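Please treat every number below as a calculation from the coordinates, not as lab data. Worth saying up front: this structure is predicted, and the values here are computed from it rather than measured. Note that each Cβ is placed from the backbone with ideal geometry, even for glycine, and that neighbours are counted across all protein chains shown.
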Amino acid sequence: EKAPRPLVAGNWKMNGLSSALEEIGAIADGAASEAAGDAEVAICPPATLLVLAAETVGGAIALGGQDCHPKESGAHTGDISAEMLAELGASYIIVGHSERRSDHGETDALVQEKAKAAWRAGVVPIVCVGETEAERLEGKALEVVGRQLQDSIPGGATADNLVVAYEPVWAIGTGRTPTNEDIAEMHGHMRKLLIERFGANAEGVRLLYGGSVKPANASEILAIADVNGALVGGASLKAKDFLAICEAYA
Ligand code: PEP
């Protein structure tokens, strides 16, 4: 089986005024050079910057949204639909990030609706899953993530319409990461579950690791079996750091 093309996606969270477009421009320039190797590079800025970012990158990198509402339009003050993000040029939408799950009480069922909304708009959802520290200490990480996968991913997933990000909650923004063995075990587990449910095509679903990925640990983590890229938070805000992570694929 041919390994899928890796994806390195930056999640800017609630960071970035228009002055930050310089960094996006620098990321686009770097991604177009040989340094990024074979990886597909994407940035998910706040929705307020998406339209400006699309003008800045000129197609050199992919763009994504950080969340969407399940509906196409309607009386949902403050929300943004997948169609609106698609119109701005988003190829991806992060759904089910642990910060959405904890800040806004998002359930797996809602995350699944959001993933379907992304499909409806022709956008690929990056479905985030991951255990808390207590769940890992109790030995329940595989079970918790398996259930999140089952309940957050709609039927009909394929290698072309789905990306999954494994983000242990306790590794996000903490500087801590699981051992390479634990990452390998989880990614192998997710791959097995996806193939059981969706068939051999799921061998091509990209499984990203996320949680404190930095230039110093990127090549080690991205070399682990069934890790097909990274979802990067803090280290994606500076072009220099983010490109150094992309270089793991050069
Ligand atoms: C994230 O929140 O998606 C993430 C991976 O954050 P960080 O890289 O900052 O841990």
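Using +1 at the Cβ of each Lys and Arg and -1 at the Cβ of each Asp and Glu in the range 7-249, identify which of Asn180, Leu17, Ala225 lies farthest towards the dipole's positive end.
Leu17
Arrange Phe242, Phe198 by Cβ neighbour counts within 10 Å, fewest through most, would you?
With the fewest neighbours first, Phe242, Phe198 line up as Phe198, Phe242.
Using alpha carbon centroids, what distance separates the range 179-216 and the range 230-246, in Å?
Result: 20 Å between the Cα centres.
In nm, give the distance between the simple-model label positions of Lys238 and Lys71, each being 7 Å from the Cα along the Cα-to-Cβ direction.
Inter-label distance under the simple model: 4.3 nm.
At what distance in nm do the modelled label points of Arg147 and Glu34 sit from each other, each positioned 7 Å from its Cα along Cα→Cβ?
Between Arg147 and Glu34, the label points sit 5.0 nm apart.
Please report Met84, Met186 as a ranked list, fewest other C-beta atoms within 10 angstrom at the top and most at the bottom.
Met84, Met186
Taking the chain as a Gaussian network, where each spring joins two C-alpha atoms under 10 Å apart, which residue of Asp160, Asp226, Asp103 fluctuates the most?
Highest fluctuation among the options: Asp103.
On the Cα set of the chain, report Rg and Dmax in Å, please.
Rg and Dmax of the chain, Cα atoms, are 16.6, 47 Å.
State the Cα centre-to-centre distance between the range 35-75 and the range 130-171 in whole Å.
Distance between centres, Cα-based: 23 Å.
Would you compute, from DSSP H runs of 4+ residues alone, the mean residue ellipticity of the chain at 222 nm, taking -39500 (n - 2.57) per run and dividing by the full residue count, rounded to the nearest 500?
-11500 deg cm²/dmol
Hull surface divided by four, with the convex hull built on the Cα atoms of the range 118-190: how many nm²?
5.5 nm²
How many lysine pairs does the chain hold where the Cα atoms are under 18 Å apart and the two sit 8 or more places apart or on different chains?
Taking the chain as the scope, the lysine pair count is 9.
Assuming R0 = 45 Å, can you tell me the calculated FRET efficiency for the pair Ala225 and Glu22, based on Cβ-Cβ distance, to the nearest 0.05?
The computed FRET efficiency comes out at 0.75.
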